[in-house]
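These notes are about the structure you will find just below.
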Amino acid sequence: MKKIIIVLSLIFLTACKTTPPIKQKPIELLVAPSIGSNHKVFMGETLITQGYGQIGEALHTVGGTYGYSVFSKGVWQLTHADKNEKKYSRYNAPGDNGVLNGYKTKLAYDRSFITLELDDNNICHYDLGVSVGCTSEFTLDKNYFFTAPRKLQQKIIYTGKSKSILNFTYREFIDDMARPSFTINFNVDIDDGKEFAFKGAVFEVISANNSGLEYKIIKEFP
């Protein structure tokens, strides 16, 4: 009986183990990438993102079943860290806690977090302090743009080149949801000049082909 109590106590202490929270950067108006420097994007990638938010570390899961856990595909934000592990919470996915058990019901403990074990570089999920699913299938982004809720976000995407015509898509977002009436396709003829402007943002084209565009941001959106 004494051994059972000791084992249960150890499980309880593990379950209650806390990893200290990190200090998050403040929410502010951000422009990415930097203004005045040369940048390169490929077709389908974003020239500029602007809006209120914060830069932080993101973990991207590919989705799948690992052990007794079902990890959904998505983005997780770093919220807690120490020398042994990092914890990431599900980002901007209302109603989706990110991880279910093998029976596709919610886990009992700490279900909103994924833990990155720094010794073996696996991400795991814990239920009542016990690892119930781990995987190495993830990617990290140290400088992810976490958008602020209910704030306007703007971006321009490069969609390709035909002769001297460069094609772009402009989008506006709130809570990462595109508003169809604010999605606009436009094009630029670089035979008319290497600089172009759209909605007040100004760009300089350095070189362009069907797959990629090298450019510089001269001025952000007003």
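When VAL132 is tested against the conditions (1) in contact (Cβ under 8 Å) with a residue 60 or more places away in the chain; (2) farther than 30 Å from THR79 by Cα, the lone failure is (2). Answer yes if at least one residue in region 181-189 is touching a helix residue (DSSP H, G or I) at 6+ places or on another chain (Cβ under 8 Å), surrounded by fewer than 17 Cβ atoms within 10 Å (Cβ to Cβ) and either closer than 20 Å to SER34 by Cα or not assigned by TED's automatic domain parsing to the domain that holds TRP76 (or both), and no otherwise. No, every residue in region 181-189 fails to be touching a helix residue (DSSP H, G or I) at 6+ places or on another chain (Cβ under 8 Å), surrounded by fewer than 17 Cβ atoms within 10 Å (Cβ to Cβ) and either closer than 20 Å to SER34 by Cα or not assigned by TED's automatic domain parsing to the domain that holds TRP76 (or both). Considering each residue of region 115-129, count those that are surrounded by 15 or more Cβ atoms within 10 Å (Cβ to Cβ), modelled with pLDDT of 90 or more and not in a strand (DSSP E or B), and give that number. Counting residues in region 115-129 that are surrounded by 15 or more Cβ atoms within 10 Å (Cβ to Cβ), modelled with pLDDT of 90 or more and not in a strand (DSSP E or B) gives 0. State which residue is nearest to the chain's Cα centre (by Cα) when the search covers only region 35-79 and only residues that are within 27 Å of ARG150 (Cβ to Cβ), outside any strand (DSSP E or B) and outside the structural domain of ARG90 (by TED's automatic domain parsing). Checked region 35-79; the qualifying residue nearest to the chain's Cα centre (by Cα) is GLU45.
LEU213 - would you say it is modelled with pLDDT of 90 or more, closer than 30 Å to ASN121 by Cβ and not small (Gly, Ala, Ser)? Write out each step before concluding.
On the way: modelled with pLDDT of 90 or more: yes; closer than 30 Å to ASN121 by Cβ: no; not small (Gly, Ala, Ser): yes.
Spelling it out, it is not the case that LEU213 is modelled with pLDDT of 90 or more, closer than 30 Å to ASN121 by Cβ and not small (Gly, Ala, Ser).
Output yes when any residue across region 99-114 is of a type in the set (Val, Ile, Thr) and at pLDDT below 80, and no when none is. Steps first, please.
Within region 99-114, the subset of a type in the set (Val, Ile, Thr) is 99, 105, 114.
Still in the list and also at pLDDT below 80: 99, 105.
Within region 99-114 (the criterion being of a type in the set (Val, Ile, Thr) and at pLDDT below 80), the answer is yes, since at least one residue qualifies.
Given the structure, is SER89 in a strand (DSSP E or B) and modelled with pLDDT of 85 or more? Yes, satisfied.
Conditions first: (1) crowded, with 16+ Cβ neighbours inside 10 Å; (2) among the charged types (D, E, K, R); (3) in contact (Cβ under 8 Å) with a residue 40 or more places away in the chain. GLU172 passes all but one, so which condition is the exception? The number of the failed condition is (3).
Within this structure, THR135 fails the test of being among the hydroxyl-bearing types (Ser, Thr, Tyr) and more than 26 Å from HIS80 (Cβ to Cβ).
The values are calculated or read from the model by the stated rules, or taken from the named source; none is laboratory data. Small disclaimer: the values here were computed from a predicted structure and weren't measured. Here Cβ is always computed from backbone atoms with ideal geometry, including for glycine, and neighbour counts include all displayed protein chains.
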